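Down below is the structure, laid out as structure tokens.
The values are calculated or read from the model by the stated rules, or taken from the named source; none is laboratory data. No experiment lies behind these values; they were computed from the predicted model shown. Note that we place each Cβ from the backbone using ideal geometry, even for glycine, and neighbour counts take in every protein chain shown. The accessibility values were calculated without ligands, DNA or RNA, using every heavy atom of the protein model including side chains. Shrake-Rupley method; radii C 1.70, N 1.55, O 1.52, S 1.80 Å.
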Amino acid sequence: MKKFLSNTIISAAAILVGYGAMVLPFRLFSNLTGIQMRIIFIAEILIYFAIFSAFFLIREHKESSRKKEQEWQQRHNERVNKRNRAVKGIKVNHYDLAA
């Protein structure tokens, strides 16, 4: 449910921002000069690039964190198995300590 709500909010925000980005140049077309329109266009492109980069970097960070966690878990499991194999079969006064 949380993921559905999050996706819905992100989708609505994307639609509103996209609509605003498309309407802005048409609303300002009669009020601005050609240079000013080019500046706004370049600013829009830079904003799109910044948003894309932010989402890309966040996704890459999550992926690398997940990979590091898996590697850590694998090393931990190997250490536990190694310790269990080393302890297995140690007997003191006819009692198996690993048992």
Seminar exercise, completed: Sorted on mean Cβ neighbours within 10 Å (highest first), peptides 58-65, 1-8 come out as 58-65, 1-8
Exercise. For the pair F49 and R85, how long in nm is the line joining their label points, each one 7 Å along Cα→Cβ?
Worked result: 5.3 nm
Exercise. Using a 1.4 Å probe on the protein chains only, how many percent of the accessible area of the range 19-79 belongs to carbon and sulfur?
Worked result: 68 percent
Exercise. Expressed as an acute angle from 0 to 90° and rounded to the nearest 10, what is the orientation of the C-alpha long axis of helix 34-87 relative to the principal long axis of the chain?
Worked result: 0 degrees
Problem set entry | the chain: Rg to Rh, with Rh as the Kirkwood radius over Cα pairs | 1.48
Seminar exercise, completed: the chain, Gaussian network, Cα under 10 Å: of I40, I51, I15, the residue fluctuating most is I15
Exercise. So what is the 222 nm mean residue ellipticity for the chain from helices alone, if each DSSP H run of at least 4 adds -39500 (n - 2.57) and you divide by all residues, rounding to the nearest 500 deg cm²/dmol?
Worked result: -30500 deg cm²/dmol
Problem set entry | 26 Å Cα cut-off, lysine pairs counted over the chain (separation 8 or more, or different chains) | 9
Exercise. How far is helix 2-28 tilted off the main Cα axis of the chain, in degrees rounded to 10, range 0 to 90?
Worked result: 20 degrees
Seminar exercise, completed: Given a 1.4 Å probe, the accessible area of the chain per residue, as a whole number of Å², is 95 Å²
